[in-house]
Amino acid sequence: MNYIGLSKEISYALRHAPWEYELEMDEEGWVPVEQLLNALHRDKKWVDICETDLIRMIEQSEKKRHELKDGKIRAFYGHSIPMKILREEQMPPDVLYHGTARRFLESIKEKGLLPQGRQYVHLSQDIETAENVGKRRDDKPCILIIDAKRAWDEGIKFYLGNEKVWLADTVPGRYIEEM
Ligand code: HQG
C-alpha cells in the first residue's frame, strides 16, 4: 500500500479542499472517517482502503500529521481552508524555532512571520524539526529563534499542532532572532 501517497491525498483533503471530497468538517477540523473513505473509494487507486489503512498510514508516517478518534479524522496543522479551525490557546515552551529560506529573511524581518497561504504560522519545537521544514525551500535554510515566552507574556497567542509543531496567528519581528 502506498501510504505516503495516501497521506498526501488525505492531507490535501483535510487541510485544503474538503469540499472536493464532499466532507462535512466540524469547527475543530474533524471529518467522519466513513465520509472520507467513501470519497476515496471513488478513485480506483483507493478503492480497497479501509480504516485499518488509515491507522497504518498514521503509524508509518515520519511526522504526526493526522489524528483518528471516535470514528473521525483530522489534520493536526497546515490548514488553508477559509473556515479557521478552532484551537485552544496554550502556553508555548520558552523558545520555539522556525526554519525558512534565506530569500524570505528580509521580508520576515520587516513584517514578522505571517501565515501566508495557511491559517497559522507554523513553529517548531526543536532545531532539527525547524531545519527539516526549512530544507523544503532552501538547501541551506536559516533557523529563526522565537522568544515565545516573552511573546506569550505580551499577549501573542499560541496553539498546539502536534508535539513538535506549534501554531501562532502571527509573530512580530521583535520576538524573532536569527540563529
Ligand atoms: C514564509 C510542512 C516572507 C515562511 C512543514 C515559510 C511544516 C514569509 C513560508 C508545515 C513571511 C510559508 C508548515 C514573511 C512567513 N515574508 N515569507 N513575512 N512570513 N514566511 O509551507 O512553516 O510535511 O505555509 O517562513 O514541515 O514552511 O506538510 O509554512 O517558508 O510543519 O506535514 O512563508 O508544513 O508539514 O510556507 O511549513 P508554509 P512552513 P507537512
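Derivation of every value follows stated rules applied to the coordinates shown; laboratory data play no part. Quick caveat: nothing in here was measured; it's all calculated off a predicted structure. For neighbour counting, all protein chains shown are included, and Cβ atoms are generated from backbone atoms with ideal geometry for every residue, glycine included.
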Computed for segment 1-130: size of charge dipole around the Cα centre, +1 on C-beta of each Lys and Arg, -1 on C-beta of each Asp and Glu, debye to nearest 20, value 580
Fewest-first ordering of VAL95, VAL171 by Cβ atoms within 10 Å yields VAL95, VAL171
Here the relative contact order (percent) of segment 1-68, from C-alpha pairs under 8 Å and at least 6 apart, is 30
Over its alpha-carbon atoms, segment 10-82 yields an Rg and a Dmax in Å of 11.4, 31
Least to most buried among ARG137, ARG87, ARG42, by other C-beta atoms within 10 Å and fewest first, runs ARG42, ARG137, ARG87
In Å³ per residue, the alpha-carbon convex hull of segment 58-133 encloses 142
For the chain, the Cα convex hull volume per residue in Å³ comes to 122
Residue span VAL95 to SER61: 0.36 nm per residue of separation minus Cα-Cα distance leaves a gain in nm of 9.6 nm
If the chain between ASN132 and ASP43 were fully extended at 0.36 nm per residue, the gain over the current Cα-Cα distance would be 28.9 nm
Among LEU37, GLN116, SER80, the residue whose Cα sits farthest towards the positive end of the charge dipole of the chain (+1 at Cβ of Lys and Arg, -1 at Cβ of Asp and Glu, taken about the Cα centre) is GLN116
Scoring the chain by relative contact order with C-alpha pairs under 8 Å, at least six apart, yields a percentage of 21
With only helices counted (DSSP H, runs n ≥ 4, each -39500 (n - 2.57)), the per-residue ellipticity at 222 nm for the chain, to the nearest 500, works out to -7500 deg cm²/dmol
Here the relative contact order (percent) of segment 13-114, from C-alpha pairs under 8 Å and at least 6 apart, is 28
